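First comes the structure, then the notes that go with it.
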Ligand code: DX5
Ligand code: ZN
């Protein structure tokens, strides 16, 4: 089991009426990254929050801001999310055409670049972009909502990405997002994940992280 994994609580399941308290809860609960799910109502059905909300919480903490863009045209919002305090900017492979250009754009503004895949996208689709990214976010639920059940088949992608990283000497972190709770956490840690995102399980107080 990878005990050095990073916990990244997802704001999606937090109390938006008390974001200051939420940041404290993440810090006290062992979170090292704040996972910020940006939804545009097009790539996924809901709309969440964006740059102005991020700007308000950025001064409250030194934690890493891990922005997960579930939006179409991610290329239009890279610089503004960096200016709002994003450390990692992750976009969806399915939402873009010029993946390489977007990764360059993220790096040029000084952030780390991540790529994410939905459950129906295979790791093989990422072949040409893996040498250039700092993070691969494996979605273990269909994006758009918190509180869904982890799809077990998706966990195999973590081990495959780990193997590819070793074979080629790549540098990306492997992150997992969706349905991580006390029952599924050992599965994703065993598969070799570096970052575990948790929304509903963390904020309900169910998740035991040590
Ligand atoms: C879903 C989001 C997730 C979500 C995870 O589309 O990307 O980050 O917050 O929530 P849980 O941990 O409840 O599955
Ligand atoms: Zn997410």
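When you check residue 65 against the structure, is it under 23 Å from residue 133 (Cβ atoms), modelled with pLDDT of 95 or more and within 15 Å of ligand 1 (Cβ to nearest atom), yes or no? In short, yes. Check the stretch 75-86 and report whether any residue there is surrounded by fewer than 16 Cβ atoms within 10 Å (Cβ to Cβ) and closer than 20 Å to residue 197 by Cα. No, the stretch 75-86 contains no residue that is surrounded by fewer than 16 Cβ atoms within 10 Å (Cβ to Cβ) and closer than 20 Å to residue 197 by Cα.
Quick check on the stretch 35-44. Is at least one of its residues over 15 Å from residue 114 (Cα atoms), within 15 Å of ligand 1 (Cβ to nearest atom) and within 15 Å of the chain's Cα centre (by Cα)? Within the stretch 35-44, one or more residues are over 15 Å from residue 114 (Cα atoms), within 15 Å of ligand 1 (Cβ to nearest atom) and within 15 Å of the chain's Cα centre (by Cα).
For the stretch 183-200, give me each residue that is closer than 23 Å to residue 162 by Cβ and within 12 Å of ligand 1 (Cβ to nearest atom). Those that are closer than 23 Å to residue 162 by Cβ and within 12 Å of ligand 1 (Cβ to nearest atom): 184, 185, 188, 195, 196, 197, 198. Restricted to the stretch 157-181, and to residues that are in contact with a helix residue (DSSP H, G or I) (Cβ under 7 Å, 6 or more places away or on another chain) and under 20 Å from residue 26 (Cα atoms), which residue is nearest to ligand 1 (Cβ to nearest atom)? Once the filter is applied, the top-ranked residue is 180.
Answer yes or no as to whether residue 96 is in contact (Cβ under 8 Å) with a residue 12 or more places away in the chain, over 14 Å from the mean Cα position of the chain (by Cα) and surrounded by fewer than 16 Cβ atoms within 10 Å (Cβ to Cβ).
So residue 96 fails the test.
Identify all residues within the stretch 155-195 that are within 16 Å of ligand 2 (Cβ to nearest atom) and either touching a residue at least 60 places away in the same chain (Cβ under 8 Å) or within 20 Å of residue 133 (Cα to Cα) (or both); write none if there are none. Selection gives 157, 158, 173, 174, 175, 176, 177, 193, 194, 195.
The values are calculated or read from the model by the stated rules, or taken from the named source; none is laboratory data. What you are looking at is a predicted structure, and each value in this text was computed from that prediction instead of being measured. Cβ: placed from backbone, ideal geometry, glycine included. Neighbour counts: every protein chain shown.
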